[in-house]
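Working notes, structure below.
The values are calculated or read from the model by the stated rules, or taken from the named source; none is laboratory data. Nothing here was measured: the structure is a model prediction, and the numbers come from that model. Please note: Cβ atoms are built from the backbone with ideal geometry, for glycine as well, and neighbour counts cover all protein chains shown. When the accessible area is computed, the model is the full protein with side chains, heavy atoms only, and any ligands, DNA or RNA have been set aside. Shrake-Rupley method; radii C 1.70, N 1.55, O 1.52, S 1.80 Å.
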Amino acid sequence: MRPLQASSDVPLFPEDLDTLQRVFDRLCDEHRWPRDSAPAQRYGRMLIEAYQAGTTNELHLLTAGRLFVTRSHEARRLV
């Protein structure tokens with residue numbers, strides 16, 4: 001599995017990483033995903049991209065993550 005990488009040139013500062021980590025951990029806990037699992041890694045990439053695009057509020061990030069998970073599950077059912 002490839003490491004998470006920022007997809008833009010927007011820098012992430014320690015407080016940004018703290019926010020991202022809290023949201024990431026919460027969603028992983030909700031879904032009982034190991035932090036290094038494929039679903040967690042996909043969510044982590046989405047989370048970083050959303051943050052760098054301007055979604056920096058923790059609640060909004062968590063909501064976006066939950067929606068991302070729901071849509072991912074629905075897409076897999078259609079295949």
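For the reader, a short list of remarks on this structure follows.
- Where 43, 51 fall by accessible area, highest first, once all protein chains stay in place (1.4 Å): 51, 43
- Segment 6-76, accessible surface, carbon-and-sulfur percent (1.4 angstrom probe): 53 percent
- Considering only alpha-carbon pairs that sit under 8 angstrom and 6 or more positions apart, the relative contact order computed for segment 5-66 is 40 percent.
- Cut-off 14 Å between beta-carbons: net charge of the residues surrounding residue 43, Lys and Arg +1, Asp and Glu -1: +3
- Accessible surface for residue 56 stands near 70 Å², nearest 10, in the context of the full protein assembly shown (1.4 Å probe).
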